[in-house]
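Worksheet for the structure shown next.
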Amino acid sequence: MKKEVVALFIIGVLLVSPFVMAEEQAKVYSWFSRFIDNIRMFFSSGNNKVMLALEIRDKELDSAIINTENGNEENAIKNLERARERLHYVQQKVTKDIAEDVKIDINKTIEKINNIKSENFVDYVLEEEKTQLVVDLVIEIESKEEQILTREIVKDETTGKKKVEIVVEGDNKQERVMEIEQNIQQVQNQIAERIIKTEVASGGGDGNTQVEVASGGGSDDI
């Protein structure tokens, strides 16, 4: 059965390749490439899947930039939401083995989008910063057998949006670990505050919601 699926995938790639090549020339990430990349994600695993998630996130960002430049804010927002979902996967699954590569990738991405004059990117870059902090925490925790790091996709009760909840379990936390935990929570609070601010500005909230401090643990996939 799996061989049949792979064969269909190859045929599909051959059929849509001309469209993908034309799309790459226009630097637009359309549903053709997205479809193929979703299949690539399905057949990937481990660290390769994490790096692929970053690659796909980058394509969504490039499209978001193009859509922003063309005044298509609605599609730009959709691109950024999909990019954020890929970052959630990275936050949940990144390991110490690829931590440095992920940090380099995130630094380059932040530099690329920091000067874009759009509030949508100001909101989004916070998710990149959170991912960077999660990587730092993974590096610290995976070298300490007495502590356990759990990462779980949950619904933020404050915003109604998905987020990755980070919990470190174990005694005798070192100062560096506690510092990173606090920084992650601060960034998550900023994300929630900006979501609430955007909803209030668009008439979707009452402005009285309090920002939640995350707690709990678990593990999930995207």
* Is one or more of the residues making up the stretch 122-134 at pLDDT below 95, under 30 Å from Ile77 (Cβ atoms) and out of contact with any Pro (no Cβ under 7 Å at 6 or more places or on another chain)? -> yes
* Asked: Looking at (1) surrounded by fewer than 14 Cβ atoms within 10 Å (Cβ to Cβ); (2) modelled with pLDDT under 95, which is the one condition that is false for Asn38?
  -> (2)
* To do: Might you check whether a residue that is among the hydroxyl-bearing types (Ser, Thr, Tyr) and modelled with pLDDT under 70 occurs anywhere in the stretch 15-28?
  => yes
* In the stretch 206-216, is there at least one residue being in a helix (DSSP H, G or I), at pLDDT below 90 and more than 17 Å from Tyr124 (Cβ to Cβ)? -> no
* Could we say that Glu152 is touching a His at 6+ places or on another chain (Cβ under 9 Å), under 29 Å from Ile77 (Cα atoms) and surrounded by 13 or more Cβ atoms within 10 Å (Cβ to Cβ) here? -> no
* Asked: Would the stretch 166-178 turn up any residue that is within 29 Å of Glu74 (Cα to Cα), modelled with pLDDT under 90 and outside any helix (DSSP H, G or I)?
  -> no
* **Candidate set from the stretch 159-194 (those that are over 19 Å from the mean Cα position of the chain (by Cα) and within 30 Å of Arg82 (Cβ to Cβ)); member that is surrounded by the most Cβ atoms within 10 Å (Cβ to Cβ)** => Val168
* To do: Determine which single condition Glu55 fails, assuming it passes every other condition in (1) touching a residue at least 24 places away in the same chain (Cβ under 8 Å); (2) surrounded by fewer than 17 Cβ atoms within 10 Å (Cβ to Cβ).
  => (1)
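The values are calculated or read from the model by the stated rules, or taken from the named source; none is laboratory data. Just so you know, these numbers come straight off a predicted model, no measurement behind them. Because the Cβ atoms are built from the backbone with ideal geometry, glycine has one as well, and the counts that use them run over all protein chains shown.
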